[in-house]
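Take a look at the structure below.
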Amino acid sequence: MIKKQFVDTGAFVAVTDKSDQYHSRAVTYFREFLKLRQPLLTTNFILDETYTWLKRKVGFHASITFGDEIRKSDQLEIVTIDHMIEKKAWEIFKKYQDQAFSYTDCTSFAVMEMHRLKTAFAFDTHFEIFGFSIAPPVT
């Protein structure tokens with residue numbers, strides 16, 4: 001059974017930015033997903049963060065190229081954060097005030113729970129703190 005995985009900003013950035021510390025691991029992992037035709041899921045909030053990060057750190061062209069390529073993918077489902085997801089994310093944000101979760105993290109957690117996903121393609125250990133697995137493992 002093929003399991004869908006959530007993709008976080010850090011994974012998209014690592015795949016795209018050759019200077020990222022996780023670049024080679026991310027590219028290897030991502031290529032395996034593409035080869036196996038495994039489904040991936042992300043959100044419009046994650047894409048927003050990714051476009052902005054890439055534009056600021058790598059350049060406008062990298063941001064546009066990434067955006068154009070990601071929109072062509074039939075393996076990636078993009079969830080739009082709606083009122084229901086934001087309501088759940090706000091509950092998470094308030095409940096875990098002792099953690100350094102961003103609001104976007106909380107929307108990602110809410111989406112993962114709603115879609116019953118267990119693993120995120122991420123390098124952000126906040127996913128593990130919340131109770132999900134991350135892949136590839138951060139060492």
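Within the set of pairs 6 or more residues apart or between chains, which connect a residue that is in contact (Cβ under 8 Å) with a residue 24 or more places away in the chain and under 16 Å from residue 14 (Cβ atoms) inside segment 52-70 to a residue that is crowded, with 18+ Cβ neighbours inside 10 Å and acidic (Asp, Glu) with Cβ atoms less than 8 Å apart? Once the first residue is in contact (Cβ under 8 Å) with a residue 24 or more places away in the chain and under 16 Å from residue 14 (Cβ atoms) and sits in segment 52-70, its partners that are crowded, with 18+ Cβ neighbours inside 10 Å and acidic (Asp, Glu) give 54/17; 57/17; 58/17; 62/17. Among the residues of segment 108-120, are any basic (Lys, Arg), touching a strand residue (DSSP E or B) at 6+ places or on another chain (Cβ under 9 Å) and touching a residue at least 40 places away in the same chain (Cβ under 8 Å)? Looking for residues that are basic (Lys, Arg), touching a strand residue (DSSP E or B) at 6+ places or on another chain (Cβ under 9 Å) and touching a residue at least 40 places away in the same chain (Cβ under 8 Å), one finds at least one in segment 108-120, hence yes. Only one of the numbered conditions (1) more than 10 Å from the chain's Cα centre (by Cα); (2) touching a residue at least 60 places away in the same chain (Cβ under 8 Å) is violated by residue 7, and that is (1). For residue 135, the conditions (1) small (Gly, Ala, Ser); (2) free of Cβ contacts under 8 Å to residues at least 24 places away in the same chain; (3) at negative phi all hold with the exception of (2). In segment 42-54 there is no residue matching the filter, namely being touching a Lys or Arg at 6+ places or on another chain (Cβ under 7 Å) and modelled with pLDDT of 95 or more.
The values are calculated or read from the model by the stated rules, or taken from the named source; none is laboratory data. Computed from a predicted structure; not experimentally measured. Neighbour counts are summed over all protein chains in view; Cβ atoms, including those assigned to glycine, are modelled from backbone coordinates with ideal geometry.
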